[in-house]
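Only the coordinates and a few stated rules stand behind these numbers; no lab work does. Predicted model, so just to flag it, every value in this text is computed and none were measured. Backbone-built Cβ (ideal geometry, glycine too); neighbour counts: all protein chains shown.
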Amino acid sequence: MPLAKSFTKPAAAGGSRWGGIPSAMPKTPMLNIGHEYDVELVSFEETRNPGTGTESFKVTLKVVDGDDPHFKPGSAAVAIYMKHGKSLEMGMSKLKATAVAFAGCADDEEYDARDPSGALIDATFNNVGENLIGEKAHVKVTQGGAVKGKPGEYYQEYDWSPIGA
């Protein structure tokens, strides 16, 4: 439904207090621990949580198949890798493992032979030229470490592989 005509006019001088405020829409869920999925890559993004200030790499996915009844084919999901402070290098390594699988490579050596500069990952972030958007991979989600301050909650760990590997 289109907005009323009065909402298409530019804001008054000084703008609005609502400018730049994100809505409280439901967030895209993370894949569940203890399940395996075939997924399609929708996007790579760098994000910042406005509440905590933490920065992360967000991998947006579309579920193609899997053993989790909560994620039907076509469902949206995300994988998150922290990238702030000491987590930057680890987050980058985990994102590269994701890229290796979506590129259909068995390991870093095979991937690096095809993309020694990492340009394919940059192109995927920007969704320009040859990139990994639309490619498919397999992921097994396991339980990682405990989330500090949240008893009973654990981080997800992702074991990525090319489909059929």
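Below is a table of values for the structure above.
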quantity: Breaking point among (1) crowded, with 16+ Cβ neighbours inside 10 Å; (2) more than 23 Å from Asn126 (Cα to Cα), for Ile80; calculated: (2)
quantity: The one condition in (1) of a type in the set (Asp, Glu); (2) within 16 Å of Glu36 (Cα to Cα); (3) over 19 Å from the mean Cα position of the chain (by Cα) that Glu157 fails to fulfil; calculated: (3)
quantity: The stretch 110-129, subset among the β-branched types (Val, Ile, Thr) and within 16 Å of the chain's Cα centre (by Cα), residue surrounded by the fewest Cβ atoms within 10 Å (Cβ to Cβ); calculated: Ile121
quantity: Whichever residue in the stretch 150-165 is without any contact (Cβ under 8 Å) to a residue 40 or more places away in the chain and assigned to a strand (DSSP E or B) and, among such residues, is surrounded by the fewest Cβ atoms within 10 Å (Cβ to Cβ); calculated: Asp159
quantity: Which numbered condition Thr28 fails, given (1) polar (S, T, N, Q); (2) surrounded by 15 or more Cβ atoms within 10 Å (Cβ to Cβ); (3) in a loop (DSSP other than H, G, I, E, B); calculated: (2)
quantity: Selection status of Thr60, under 21 Å from Ser87 (Cβ atoms), in contact with a His (Cβ under 6 Å, 6 or more places away or on another chain) and of a type outside the set (Phe, Trp, Tyr); calculated: no
quantity: Failed item in (1) touching a strand residue (DSSP E or B) at 6+ places or on another chain (Cβ under 9 Å); (2) surrounded by 15 or more Cβ atoms within 10 Å (Cβ to Cβ); (3) under 16 Å from Val42 (Cα atoms), with Gly74 passing the rest; calculated: (2)
